[in-house]
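K.L.:
Starting off with a structure, shown below.
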Amino acid sequence: MHTSEDFAQELINAGYDFFTGVPCSIIGNLITNLTDRHDVTYIPAVREDAAVGVASGAYMAGKIPVVLMQNSGLGQCLNTLTSLNLIYKLPCLLIVTWRGFEGKDAPEHLVMGRTCNKLLDTVGIPHHDFNHDNIKVLINMSYKLVTENREPLVLFLKKGIIV
Amino acid sequence: MNYREAITTITGLLDDQLVVCANGLISREAFTIRDRPENFYMIGSMGMASSIGLGVALSKPSRKTIILEGDGNLLMNLGSLPMAGSLQPGNLLHIVLDNEVYASTGNQPTISNVIELEEIAKSARYSYVKKVTNNEDLKREMAHTLENGGLSFLLVKIVDTEEQREIGRVTHSPEQIKERFMSAINGKR
C-alpha cells in the first residue's frame, strides 16, 4: 500500500505543478496532502467541469495540470473534455477514482462503475489503471503522454491502492 | 447599448490584457471587431470561460486577465463566482454582457431579467462590482478596472435594437487559437 504523500510526491517529481479537483473518499488523504504542501497549490473546485476549465487555463499559462475527481464527475465534465480539451488539444492528467468497480458499491455508483472506461473509449480519451506495482511508472509515463500528445489522459484509481 | 457597441468599447481600450471570450456571438463579435493574439475564443464548452479565465489569472499573476461572457454563460457556471471570490486573484476582471437572452440561439430568455447577477458577484466577495447601462459609464469603469488590481466584476446591461445581421465566424482553428494565445501569454514578461 502506498501513502498519499508518496503518491503526491511522485506527481510533483514527474513535473506536474498545478492541482485542482473535487474530492472522493479514495483520494481524501491525497487532497489533504496537496492542500497542506507548501511547494504546490491545490485549487478546490465546485464541480468537475470547473476544475477541468481552470486546469485548461493554467495549462495555457504555462502549468502542467492534474485534475482529481470521482468517476461520477466524468459525466459532469464530459462536454468540457470533448468540446474544449480534445479539439483545442489542451492536455491535463485526470486522476479518476473508480467507484462501482465490479458492481461492489452503493447503487448510485453502479452504472458509471460499469461504463466509465467504455465512455472514455467512445469519446477517444486514453485511460490506464493504477495497481499496487505501477504507480511511479504510470505517473511518469502519463507526464510524457500528456505533454507530448497534448490531450487529456485518465488514470483510474480503485479503492485500496493508496492510503 | 447593444453588444457590438459594448465589445467595440471594451476591446478598443485593451493593450496586452488576456481575454477569454465565451462561445457564441461574443467570440464571433470580438473576433470580427478586433482580432488579437491575446484573445482566446471559446467555441464550445459553454459556461467555462470564467473557469478558464480563472486558471489563466491564477497561473499568470503578472498579467491582467479578462473574462468576457454573457448572462447565459455565467448562469451555466455560477459556481465560478465563489471559486474566484475564495481565491481573490489580484489580476482578474470579469465582464458579463447581460442581454437577458440566449442571443446565439435566437433570443430565448435567460432568467437575468429577475436575477441580479451583480449582487451574486458581491456576495461571492468580488472586491469591485459595478453595473453599467450606457457606453459612457462602460468606458469609465473599463478605464478604472484596467488601471486597478483586484477581483472586479462589470455587469453590462445590453439592449439589442439593431436588426439581425450576418456575423463572421472565427476563422482560426481551435489549435491555432490556443497556440497564439499561449505565445501571447508566455512570450511576454
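The values are calculated or read from the model by the stated rules, or taken from the named source; none is laboratory data. Keep in mind that this is a model prediction, so the values were computed, not measured. So basically every Cβ, Gly included, is an ideal-geometry build from the backbone, and we count neighbours across all protein chains shown.
K.L.:
Does the stretch A:21-44 contain any residue that is at pLDDT 95 or above, under 12 Å from the mean Cα position of the chain (by Cα), farther than 28 Å from B:Gln176 by Cα and surrounded by fewer than 19 Cβ atoms within 10 Å (Cβ to Cβ)?
P.N.:
The answer is yes, given that some residue of the stretch A:21-44 is at pLDDT 95 or above, under 12 Å from the mean Cα position of the chain (by Cα), farther than 28 Å from B:Gln176 by Cα and surrounded by fewer than 19 Cβ atoms within 10 Å (Cβ to Cβ).
K.L.:
For the stretch B:61-71, what are the residues that are within 20 Å of B:Asn39 (Cβ to Cβ) and in contact with a helix residue (DSSP H, G or I) (Cβ under 8 Å, 6 or more places away or on another chain)?
P.N.:
Hits for the stretch B:61-71 are B:Arg63, B:Lys64, B:Thr65, B:Ile66, B:Ile67, B:Leu68, B:Glu69, B:Gly70.
K.L.:
Related question: Can you find, within the stretch B:14-46, the residue that is nearest to A:Lys89 (Cα to Cα) among those that are over 14 Å from the mean Cα position of the chain (by Cα) and among the hydroxyl-bearing types (Ser, Thr, Tyr)?
P.N.:
The qualifying residue nearest to A:Lys89 (Cα to Cα) is B:Ser45.
K.L.:
Could you pull out every one of the strands (runs of 3 or more DSSP E) wholly within the stretch A:86-163 that has 1 or more residues that are surrounded by 15 or more Cβ atoms within 10 Å (Cβ to Cβ) and out of contact with any Phe, Trp or Tyr (no Cβ under 9 Å at 6 or more places or on another chain)?
P.N.:
Where strands (runs of 3 or more DSSP E) fall fully within the stretch A:86-163 and carry at least 1 residues being surrounded by 15 or more Cβ atoms within 10 Å (Cβ to Cβ) and out of contact with any Phe, Trp or Tyr (no Cβ under 9 Å at 6 or more places or on another chain), they are A:93-97, A:153-157.
K.L.:
Tell me which of these A:Glu48 doesn't satisfy, since it passes every other one: (1) in contact with a Cys (Cβ under 9 Å, 6 or more places away or on another chain); (2) surrounded by fewer than 20 Cβ atoms within 10 Å (Cβ to Cβ); (3) among the charged types (D, E, K, R).
P.N.:
(2)
K.L.:
Does A:Leu93 meet the test of being in contact (Cβ under 8 Å) with a residue 40 or more places away in the chain and more than 25 Å from A:Ser4 (Cα to Cα)?
P.N.:
Criteria not met by A:Leu93.
K.L.:
Can you work out which of the residues in the stretch B:1-40 that are of a type in the set (A, V, I, L, M, F, W, C) and in a helix (DSSP H, G or I) is surrounded by the fewest Cβ atoms within 10 Å (Cβ to Cβ)?
P.N.:
Per the stated criteria, the residue is B:Ile33.
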